[in-house]
Amino acid sequence: MSHVRPTRQHAIVLGASLSGLLTARVLSSHFARVTVIERDIVDPEPTARKGQPQARHLHGLLASGLEQMTAYFPDLPDALRAAGAIVEDLATGMNWYTYGGYRQRLSLGLNSSLMSRPLLESLIRARTLALPNLTLIDACAVLDLTASPDRSRVTGARLERRSEPEGSQTLEADLVVDCTGRGSRAPQWLSALGYTAPRESIVRVDVGYATRLYKRQPGDALGSAWTLVTPEAPRETRFGGMFPIEGDRWIVSVGGWQGDHAPTDEKGFNDYVRQLPSPDIHRVISQAEPISEITAFKYPFSVRRHFEALRHFPAGLLALGDAICSFNPTYGQGMTSAAKQAAELDRLLAGDVAEPDLARLFFKRAARIIDIPWQLAVGEDFRYPSTTGPKPFGIDLLNRYVAAVHRATLVDVEVCRAFLKVMNLIEPPASLMAPRILIRVLRANRQLNRQASQQPDKALAAA
């Protein structure tokens with residue numbers, strides 16, 4: 001199983017969040033030793049750390065993400081179920097309101113998972129840290145990177161442990177992988193070593209939401225059904241989600257674009273939920289017992305760092321996950337994107353790649369993985385006139401068609417199936433343009449338009 005080469009003695013992973021843990025699992029098959037460095041204190045129990053503000057909010061693991069993680073941790077689905085998480089074909093229990101109606105329920109034939117982010121991370125962390133060649137050092141800050149005299153390669157990292165106030169220590173490594181998230185200091189580290197920092201694409205979305213937990217009765221009529229309310233942009237700005245998670249709880253997150261954020265006082269939060277275009281979430285929380293405070297999260301912009309465009313990059317250094325690209329979290333793509341990037345790194349290391357070529361090849365492959373969720377997220381965000389940043393060419397025309405796809409999912413099961421495969425990062429967005437889907441989209445929209453035109457006649461007949 002191991003692909004360890006004599007020259008691959010030690011790898012360092014910066015960050016013990018999900019992308020860091022998945023990367024460490026991959027590297028454990030190719031390096032004699034792997035050390036994970038985490039700034040926060042890591043609790044073995046499922047808890048959100050200070051450096052993970054988004055971990056307290058709504059999460060779902062897309063089908064392709066669960067599939068990829070299961071490839072590395074075969075017992076993960078059973079472990080999630082044993083902990084009380086939902087692992088099933090979520091398309092069958094979908095309660096998704098958008099564009100004035102509900103998307104068609106169907107069998108996608110693939111399992112996804114609903115759980116708290118801390119639970120998923122704790123299960124993956126326990127399995128990763130059980131590997132014999134892996135070590136975690138928590139409560140440890142990374143001061144900077146060390147490099148060879150000619151600065152052609154990174155040779156390790158300079159660390160400062162909270163438990164050792166006497167000073168810093170240097171940890172040498174053959175490879176350092178930055179998985180520290182959107183706040184990554186890789187651009188500054190590169191500049192300090194004399195390299196050009198990557199160009200950044202920043203798309204300002206001004207999204208903010210608030211989250212609360214509620215008690216879920218074991219015999220709840222909704223069972224494992226999950227609810228989403230997503231806006232018909234730009235006319236609507238608000239969204240809401242209510243997922244069943246472990247511990248017989250509902251997790252409810254509501255918020256909006258363009259500064260239309262949910263309040264964190266009880267009355268304001270409840271009123272915000274009540275004003276969503278569907279009453280489903282309010283119907284539940286008006287009767288369920290709240291069991292947490294209301295927690296807010298602000299997401300001002302998405303950022304993508306174009307490492308793949310750099311012409312010069314030091315050997316011995318990579319970045320992965322949110323350190324490369326931080327997506328608008330309302331689309332739920334980040335964990336799956338990180339898992340796919342880690343798997344791509346695995347394939348490269350298993351091949352006969354020369355060390356100087358590793359970064360160039362990895363960043364190009366990672367960029368191809370990122371392109372699809374970035375296109376999906378940015379495309380939706382640019383439905384709002386206030387969104388700023390590099391706008392993809394032709395996106396307004398494309399969005400008109402995608403709006404027709406959204407409407408078609410309300411009445412056509414096959415269009416909905418195609419849409420869900422794209423959202424789960426199973427099929428590329430171009431699959432929605434296939435002739436058989438395009439025809440069904442046009443037919444469904446004609447049907448909806450006819451129904452809408454007949455509504456006034458029905459109202460007059462009833463009067």
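The values are calculated or read from the model by the stated rules, or taken from the named source; none is laboratory data. All values reported here derive from a predicted model rather than from experimental measurement. Using ideal geometry, Cβ is built from the backbone for each residue, glycine included, and neighbour counts are taken over all protein chains shown. Quick note on the areas: whole protein, heavy atoms, side chains included, nothing else; ligands and nucleic acids left out. Shrake-Rupley method; radii C 1.70, N 1.55, O 1.52, S 1.80 Å.
Checking Leu410 against (1) in a helix (DSSP H, G or I); (2) touching a residue at least 60 places away in the same chain (Cβ under 8 Å); (3) of a type outside the set (Val, Ile, Thr), only one condition comes out false. Which one?
Only one criterion is unmet by Leu410, namely (1).
Being in contact (Cβ under 8 Å) with a residue 12 or more places away in the chain, open to solvent by 40 Å² or more (accessible area, probe 1.4 Å) and within 24 Å of Asp150 (Cα to Cα) narrows it down to one residue among Arg365, Arg360; which is it? Don't jump to the end; show me each part of the working.
Details: Arg365 fails: within 24 Å of Asp150 (Cα to Cα).
Answer to the selection: Arg360.
Filter segment 145-199 down to the residues that are farther than 25 Å from Arg49 by Cα, modelled with pLDDT of 95 or more and acidic (Asp, Glu), then identify the one that is surrounded by the most Cβ atoms within 10 Å (Cβ to Cβ).
It comes out as Asp174.
Anything in segment 62-83 that is within 11 Å of Ser113 (Cα to Cα) and among the hydroxyl-bearing types (Ser, Thr, Tyr)? List them, or say none.
Ser64, the sole residue that qualifies.
If the requirement is being open to solvent by 10 Å² or more (accessible area, probe 1.4 Å) and of a type in the set (A, V, I, L, M, F, W, C), which of these qualifies: Ala11, Ala32, Ala16?
Numbers: Ala11 fails: open to solvent by 10 Å² or more (accessible area, probe 1.4 Å); Ala16 fails: open to solvent by 10 Å² or more (accessible area, probe 1.4 Å).
When all the criteria are applied, what remains is Ala32.
In contact with a Gly (Cβ under 7 Å, 6 or more places away or on another chain) and not aromatic (Phe, Trp, Tyr): is that true of Val142 in this structure?
Values: in contact with a Gly (Cβ under 7 Å, 6 or more places away or on another chain): no; not aromatic (Phe, Trp, Tyr): yes.
So Val142 fails the test.
For the structure I just gave you, tell me whether Lys298 is open to solvent by 20 Å² or more (accessible area, probe 1.4 Å) and in contact (Cβ under 8 Å) with a residue 60 or more places away in the chain.
Numbers: open to solvent by 20 Å² or more (accessible area, probe 1.4 Å): yes; in contact (Cβ under 8 Å) with a residue 60 or more places away in the chain: yes.
In short, yes.
Tell me, yes or no, whether segment 327-338 has at least one residue that is aromatic (Phe, Trp, Tyr), modelled with pLDDT under 95 and closer than 23 Å to Met94 by Cα. Even if it seems obvious, please write down each step before you answer.
First, pick out the residues of segment 327-338 that are aromatic (Phe, Trp, Tyr): 327, 331.
The next check asks that each one be modelled with pLDDT under 95; those that pass are 327, 331.
Still in the list and also closer than 23 Å to Met94 by Cα: 331.
Scanning segment 327-338, I find at least one residue that is aromatic (Phe, Trp, Tyr), modelled with pLDDT under 95 and closer than 23 Å to Met94 by Cα, so the answer is yes.
Take the conditions crowded, with 16+ Cβ neighbours inside 10 Å and touching a Lys or Arg at 6+ places or on another chain (Cβ under 8 Å) and apply them to Gly93. Does it pass? Working first, answer last.
Working: crowded, with 16+ Cβ neighbours inside 10 Å: yes; touching a Lys or Arg at 6+ places or on another chain (Cβ under 8 Å): yes.
The answer is yes for Gly93.
Look through Arg49, Arg81 and report the one residue that is touching an Asp or Glu at 6+ places or on another chain (Cβ under 8 Å) and surrounded by fewer than 19 Cβ atoms within 10 Å (Cβ to Cβ). Break it down stepwise before answering.
On the way: Arg81 fails: touching an Asp or Glu at 6+ places or on another chain (Cβ under 8 Å).
Exactly one residue qualifies, and that residue is Arg49.
Suppose we filter Gln258, Gln287, Gln275 for residues that are open to solvent by 30 Å² or more (accessible area, probe 1.4 Å) and free of Cβ contacts under 8 Å to residues at least 12 places away in the same chain; which single one remains?
Details: Gln258 fails: free of Cβ contacts under 8 Å to residues at least 12 places away in the same chain; Gln275 fails: free of Cβ contacts under 8 Å to residues at least 12 places away in the same chain.
After applying the criteria, what remains is Gln287.
How about segment 384-398: which of its residues are at pLDDT 95 or above and open to solvent by less than 50 Å² (accessible area, probe 1.4 Å)?
The answer is Tyr384, Thr387, Gly389.
Could you identify the single residue in Arg117, Arg103 that is buried (at least 20 other Cβ atoms within 10 Å of the Cβ) and touching a Cys at 6+ places or on another chain (Cβ under 7 Å)? So that I can check it myself, show each step before the final result.
Values: Arg117 fails: touching a Cys at 6+ places or on another chain (Cβ under 7 Å).
Testing whether each residue is buried (at least 20 other Cβ atoms within 10 Å of the Cβ) and touching a Cys at 6+ places or on another chain (Cβ under 7 Å) leaves just Arg103.
If we scan segment 379-394, do we find a residue that is assigned to a helix (DSSP H, G or I) and of a type in the set (A, V, I, L, M, F, W, C)? So that I can check it myself, show each step before the final result.
First pass over segment 379-394, keeping only residues assigned to a helix (DSSP H, G or I): 379-381.
Still in the running and of a type in the set (A, V, I, L, M, F, W, C): none.
No; the residues of segment 379-394 include none that is assigned to a helix (DSSP H, G or I) and of a type in the set (A, V, I, L, M, F, W, C).
Quick one: Arg39 ticks every box in (1) open to solvent by less than 40 Å² (accessible area, probe 1.4 Å); (2) among the basic types (Lys, Arg); (3) more than 23 Å from Glu293 (Cα to Cα); (4) assigned to a loop (DSSP other than H, G, I, E, B) except a single one, so which number is it?
If we test Arg39 against (1) open to solvent by less than 40 Å² (accessible area, probe 1.4 Å); (2) among the basic types (Lys, Arg); (3) more than 23 Å from Glu293 (Cα to Cα); (4) assigned to a loop (DSSP other than H, G, I, E, B), just (1) comes out false.
Quickly run through segment 332-352 and pick out the residues that are assigned to a helix (DSSP H, G or I), open to solvent by 10 Å² or more (accessible area, probe 1.4 Å) and without any contact (Cβ under 8 Å) to a residue 60 or more places away in the chain.
Gly334, Glu344, Arg347
Criterion first (at pLDDT below 95 and touching a helix residue (DSSP H, G or I) at 6+ places or on another chain (Cβ under 6 Å)) does Ile426 satisfy it? Spell out the reasoning first.
Values: at pLDDT below 95: no; touching a helix residue (DSSP H, G or I) at 6+ places or on another chain (Cβ under 6 Å): yes.
Considered against the rule, which asks whether it is at pLDDT below 95 and touching a helix residue (DSSP H, G or I) at 6+ places or on another chain (Cβ under 6 Å), Ile426 comes out as no.
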